[in-house]
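Comments concern the structure below.
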Amino acid sequence: MVKVGIVGGTGYTGVELLRLLAQHPQAEVVVITSRSEAGLPVADMYPNLRGHYDGLAFSVPDIATLGACDVVFFATPHGVAHSLAGELLNAGTRVIDLSADFRLQDSVEWAKWYGQPHGAPELLKDAVYGLPEVNREQIKQARLIAVPGCYPTATQLGFLPLLEAGLADNTRLIADCKSGVSGAGRGLSIGSLYSEANESFKAYAVKGHRHLPEITQGLRRAAGGDVGLTFVPHLTPMIRGIHSTLYATVVDKSVDLQALFEKRYANEPFVDVMPAGSHPETRSVRGANVCRIAVHRPQGGDLVVVLSVIDNLVKGASGQAVQNMNIMFGLDEKLGLSHAGMMP
């Protein structure tokens, strides 16, 4: 049984971790922290967890207690894991960070996008980017995992087969992406209020979004060189979901793209390449750790359109974190994650 600690358990990714781990046969949450809610039983904050975590209450973070766990998840705002991860690693505990603290390998680049100095640049050499479809072997041996962001997960999985095969014009990639309001977190924000977001649709951060350097970093690795990416995120009036519509120009129109995508993801348990002509919906992956992909070439031209959908809180965050845990500890990768999406 893997003993699990969670730092920062009151946000959406924290409660999603708890929901997923409640049905995991080889994991036990033994400590969950929140400075603001210390002493409050978990089930009092989240009644959906009644009967699953009776007796478990939020506590103030304590290195000794957390260090006794086999693995500690950080479901915290950016910058928090910087101050605690090193001590936990020194204690022999593995760390899986759901924030952006260790996603970028360049600490200067991180500081530019997150508006503060990187708090633990010495740990970046140990951090493995936790996209299993790319780094599964490294994840097996990792002590520190940086769980990818939601937009980066959907976007990279959609572009990877084209870039790895050298088929795309790497200078002109476009990612037109949409997210539900839960992507902004549980904190109070005017833009995510129901009366502000409902019956509306808008682009934001067109000049530059924090996920841009993370996506570009991953696409460069896949392409083996520089890429030119235009990334435009949008806010949609739904709670969960990411829909990435991706555009690339191919240099060889003779390649069977459907077969290319099916072959690339044939052995990936959480990537579903849909039949030719499909249009995946976000509701088909709601609550599930699955990325559904469809590839199109309109009018048989050289422009390829890839449709990629995930649940931002599952494959885009907590589900992918649990998938990484399973790989790290030599467990069946699908443990606790095999349930279907919720419809309607």
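The values are calculated or read from the model by the stated rules, or taken from the named source; none is laboratory data. This one's a predicted model, so the numbers in the text were calculated from it and none came from an experiment. Here the Cβ positions follow ideal geometry from the backbone for every residue, glycine too, while neighbour counts run over all protein chains shown. When the accessible area is computed, the model is the full protein with side chains, heavy atoms only, and any ligands, DNA or RNA have been set aside. Shrake-Rupley method; radii C 1.70, N 1.55, O 1.52, S 1.80 Å.
Evaluate the relative contact order of the range 94-234 (contact order divided by residue number), counting alpha-carbon pairs under 8 angstrom at least 6 apart; express in whole percent. Don't jump to the answer; show the numbers that get you there.
Details: 171 pairs, mean separation 38.2, N = 141.
Once divided by the residue count of the range 94-234, the mean separation gives 27 percent.
So who's got an amide H within less than 5 Å of the one on ILE174, skipping anything under 5 residues away but keeping other chains? H placed 1.01 Å off N, in plane.
THR230, TYR247
Would you be so kind as to identify which of LEU88, ILE190, PRO121 lies farthest towards the positive end of the dipole of the chain, taking Lys and Arg as +1 and Asp and Glu as -1 on Cβ and the Cα centre as origin?
Selected residue: ILE190.
Taking a cut-off of 27 Å between Cα atoms, list the lysines near LYS125, but don't count ones fewer than 8 places away on the same chain.
Once the sequence-local lysines are set aside, what remains near LYS125 is LYS3, LYS112, LYS140, LYS315.
Over the range 248-308, average the accessible area per residue using a 1.4 Å probe and give it in Å², no decimals.
47
What does the C-alpha gyration tensor say about the overall shape of the range 94-227? Classify as rounded when a/c is under 1.5, otherwise prolate if a/b is larger than b/c, or oblate.
oblate
Karplus couplings for the range 91-97 from phi (6.51 cos²θ - 1.76 cosθ + 1.60, θ = phi - 60°), rounded to Hz, Gly and Pro as x?
Result, ordered by residue: 7, x, 8, 7, 10, 10, 9 Hz.
Helix-derived [θ] at 222 nm for the chain: sum -39500 (n - 2.57) over DSSP H runs of at least 4, divide by residue count, nearest 500? If you can, show how the numbers build up before the last one.
Numbers: 11 runs with 98 residues, N = 344.
Per the formula, -8000 deg cm²/dmol.
Dipole magnitude of the chain about its Cα centre, charges +1 at Lys/Arg Cβ and -1 at Asp/Glu Cβ only, in debye to the nearest 20? Intermediate results must be reported in sequence, preceding the final value.
Values: 29 positive and 33 negative charges, 71 e Å.
Charge dipole, the chain, about its Cα centre: 340 debye, nearest 20.
Excluding residues on the same chain fewer than 8 positions from LYS253, give the lysines whose Cα lies under 25 Å from its Cα.
Partners within reach: LYS263.
In the range 17-64, which trypsin sites (Lys or Arg not before Pro) fall in coil by DSSP and have 12 or fewer other Cβ atoms within 10 Å? Each step should come with its number before you reach the end.
On the way: sites: ARG19, ARG35, ARG50; in loops: ARG35, ARG50.
In loop regions of the range 17-64 (DSSP not H, G, I, E or B), the sparsely surrounded trypsin sites (Lys or Arg not before Pro) are ARG35, ARG50.
What ranking, highest mean first, results for peptides 304-316, 78-90, 284-296, 247-259 when packing means the other Cβ atoms within 10 Å averaged over each residue?
Numbers: 304-316: 25.9, 78-90: 18.8, 284-296: 23.4, 247-259: 14.1.
Taking the mean over residues of other Cβ atoms within 10 Å, the ranking is 304-316, 284-296, 78-90, 247-259.
Report, to the nearest whole %, how much of the accessible area of the range 88-233 belongs to carbon and sulfur atoms, 1.4 Å probe, protein only. Working shown, then result.
Working: 3180 of 6450 Å².
Carbon with sulfur: 49 percent of the solvent-accessible area.
Just order 65-74, 196-205 by mean Cβ neighbour count inside 10 Å, highest at the front, would you? Walk me through the numbers on the way to the answer.
Numbers: 65-74: 21.9, 196-205: 12.2.
So the peptides 65-74, 196-205, ranked by packing, come out 65-74, 196-205.
Got a sec to turn the phi values of the range 166-183 into Karplus ³J(HN,Hα) couplings, 6.51 cos²θ - 1.76 cosθ + 1.60 with θ = phi - 60°, whole Hz, x for Gly and Pro?
Here the 3J(HN,Hα) series is x, 8, 9, 6, 5, 8, 9, 9, 10, 10, 9, 10, 10, 10, x, 5, 5, x Hz.
Please report the net charge: other residues with Cβ closer than 12 Å to the Cβ of CYS69, K and R +1, D and E -1. Don't skip to the end; give the middle numbers.
Working: positive: LYS3, ARG94; negative: GLU28, ASP62, ASP70.
Net charge in that neighbourhood comes out at -1.
Accessible area per residue for the range 1-69 in Å², computed with a 1.4 Å probe and the full protein assembly in place, what is it? Before the final figure, lay out each step's value.
Details: 3030 Å² over 69 residues.
Per-residue accessible area for the range 1-69 comes out at 44 Å².
Would you mind calculating the relative contact order of the chain from Cα pairs under 8 angstrom and at least 6 residues apart, reporting the percent as a whole number?
Details: 743 pairs, mean separation 59.8, N = 344.
Dividing the mean separation by the residue count of the chain yields 17 percent.
With a ≥ b ≥ c taken as the square roots of the eigenvalues of the C-alpha gyration tensor of the chain, please select rounded if a/c is under 1.5 and otherwise prolate if a/b is larger than b/c or oblate if it is not?
On the way: a/c = 1.63, a/b = 1.51, b/c = 1.07.
Prolate.
Nearest-5 percent of antiparallel DSSP beta bridges in the chain?
Working: 23 of 55 bridges.
Among the beta bridges of the chain, antiparallel pairing accounts for roughly 40 percent.
Between VAL2 and residues 5 or more places away or on another chain, which pairs have amide H atoms under 5 Å apart, with H built 1.01 Å from N, and which residues are they?
ALA27, GLU28
Using θ = phi - 60° and the Karplus curve 6.51 cos²θ - 1.76 cosθ + 1.60, what whole-Hz ³J(HN,Hα) does each residue of the range 284-292 get, with Gly and Pro shown as x?
Coupling constants for the range 284-292: 6, 10, 4, x, 10, 8, 10, 10, 9 Hz.
Please state the shape class of the range 219-275: rounded when a/c is under 1.5, otherwise prolate if a/b exceeds b/c and oblate if not, all from the C-alpha gyration tensor. Mind dumping the intermediate values first?
Numbers: a/c = 1.85, a/b = 1.22, b/c = 1.52.
It is oblate, given that a/c is not under 1.5 and a/b is not larger than b/c.
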